[in-house]
Amino acid sequence: MIHPTTRVLAAELPGHVGESVEISGWLHRRRALKSVTFLVIRDRSGLAQVVATGAGPDLPEETVLRIRGTVTANPQAPAGVELTSPTVEVLSSLAEAPPVGLFRPAVEAALPVILDGAPVTLRHPRLSALHRITAASVAGFRATLDGLDFTEIQTPKVVSSATESGANVFALDWFGRPAYLAQSPQFFKQAMVGVFERVYETGPVFRAEPHDTARHLGQYTSLDAELGFITDHREVMAVLREVAAGMVASVAERAGAAVDLLEVKLPEVPAEIPQLHFAEAMRLLGVDEPDLAPAHERWLSEWALREHGSEFLFVVGYPMRKRPFYTHPEPGRPECSNSFDLLFRGLELVTGGQRLHRHEDYLAALAARGEPVRPYEGYLRSFAHGMPPHGGFALGLERWTARLTGTDNIRRTTLFPRDLHRLTP
Ligand code: AMO
């Protein structure tokens, strides 16, 4: 049973004018004027203003307090109310001052200072707002797929073979046997199509990514979906369109205050997201490469906005040689694949496509790449026992929030980033 609490949240104060109430939170800001002292208290719902006569308690910011006082209307106060005649109780005092002024409207500290001090710096309303948007996005991902009859799964993060490519795996010792941190839930989500037809997973994945860029992490959160009985990759793209729209709607609904605080301009997700074949993209870009460079992604996003008024663009038909072995080729054009990337505001956000589904096609694909079958035996069992045509996608959560909010580096949309240089806090 939840014990009844007398605590009132900052955001609830306007409903309690004239009453004596108790609030609790962190001392966000203390400002002593000649005859009054203002204490701004921060809790999970927002900020509350407390006015004490005289000097008031002399406490450093971030002290944890419980305050009883009278809710008094004051048009000049935030939300039109403040707490007067307060009695202040210290729940926890500080051993150390915060590394940045959490009460300042903007966070001016450099990124390493913010990341080093994450347990404290993330308390800044502008920084926590990013993560509230992330939480609302995940809720939207789940709600959309639940609505489409998908089943949520959880799969191992320690695996016996690489799932994406051999190069960027973290190796570890698993009771004396070689093992790897999972680069994706790819094999498991495909196998579970054989059980549930439609599955999704949200969880950490690991890439031993040697790139020191603003869009790569060693650990990130992958939002994965996979579905069976498709005609081809276009059905997967249609599901992804619903997911993107559901995530945007959920952010508007569940994280409205964060959206307002950060002045986020939420995108329109077109009923049909425009798409471009990889070969056509190369022609437009005037280059001939096996993959899109970051500058190409930015250029193509601008093109989509200009030509189609869309902040989202599907690029389809990537060359098979640049896609993993499980990728389904494009019928009649075997050098291209039934796969896609979704670009959003200049960045690759999602990869997906149709997969091979026949056992013999997997054996042929591995042989063609000179890969042994043995490490994939567990994976291949699904196909030996009958799998429908299927496909799916994975969306990088930190990239999503970064592009949604116009944040320059995905380390800012990660609570505790893990990269080439960072293993703490
Ligand atoms: P892929 O490897 O393209 O596809 O990854 C999918 C999406 O994950 C994000 N991403 C990253 N984000 C942060 N740091 C990284 N190092 C990083 N690497 C990738 C990107 C990318 O679009 N199994 C396939 C998906 C599928 O086909 O279902 C896969 O993992 O947003």
query = Where in region 24-73 are the strands (runs of 3 or more DSSP E), entirely inside, with at least 3 residues that are open to solvent by 20 Å² or more (accessible area, probe 1.4 Å) and under 19 Å from THR6 (Cβ atoms)?
reply = 64-73
request  = Return yes when VAL158 is open to solvent by 20 Å² or more (accessible area, probe 1.4 Å) and either away from the ligand (no atom under 11 Å from the Cβ) or not polar (S, T, N, Q) (or both) and no when it is not.
outcome  = yes
task = Could you please tell me which pairs satisfy a Cβ distance under 6 Å, a separation of 6+ or placement on different chains, a first residue in region 299-317 that is without any contact (Cβ under 8 Å) to a residue 60 or more places away in the chain, and a second residue that is acidic (Asp, Glu)?
result = VAL315/ASP341; GLY317/GLU330
remark   = Flagged in region 281-301 as basic (Lys, Arg) and either farther than 9 Å from GLY346 by Cβ or open to solvent by less than 30 Å² (accessible area, probe 1.4 Å) (or both), in numbering order, are ARG283
request  = Would you mind stating whether ALA106 is open to solvent by 80 Å² or more (accessible area, probe 1.4 Å) and not assigned by TED's automatic domain parsing to the domain that holds VAL193?
outcome  = no
ask   = For TYR200, are the conditions met, namely being free of Cβ contacts under 8 Å to residues at least 40 places away in the same chain and surrounded by 18 or more Cβ atoms within 10 Å (Cβ to Cβ)?
value = no
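Table: residues versus (1) at pLDDT below 95; (2) surrounded by fewer than 17 Cβ atoms within 10 Å (Cβ to Cβ).
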{"residue": "TYR376", "(1), (2)": "yes, no"}
{"residue": "HIS385", "(1), (2)": "no, yes"}
{"residue": "GLY391", "(1), (2)": "no, no"}
{"residue": "LEU397", "(1), (2)": "no, no"}
{"residue": "THR405", "(1), (2)": "no, no"}
{"residue": "ASN409", "(1), (2)": "no, yes"}
message = Looking only at region 178-205, how many residues end up being within 21 Å of the chain's Cα centre (by Cα) and among the aliphatic types (A, V, I, L, M)?
response = 4
ask   = Within the bounds of region 407-423, is there any residue that is assigned by TED's automatic domain parsing to the domain that holds VAL159, away from the ligand (no atom under 15 Å from the Cβ) and over 22 Å from ALA167 (Cβ atoms)?
value = no
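The values are calculated or read from the model by the stated rules, or taken from the named source; none is laboratory data. Keep in mind that this is a model prediction, so the values were computed, not measured. Glycine gets a Cβ as well: all are built from the backbone with ideal geometry, and neighbour counts include every protein chain shown. Accessible surface is based on the protein model in full, side chains and every heavy atom, while ligands, DNA and RNA are left aside. Shrake-Rupley method; radii C 1.70, N 1.55, O 1.52, S 1.80 Å.
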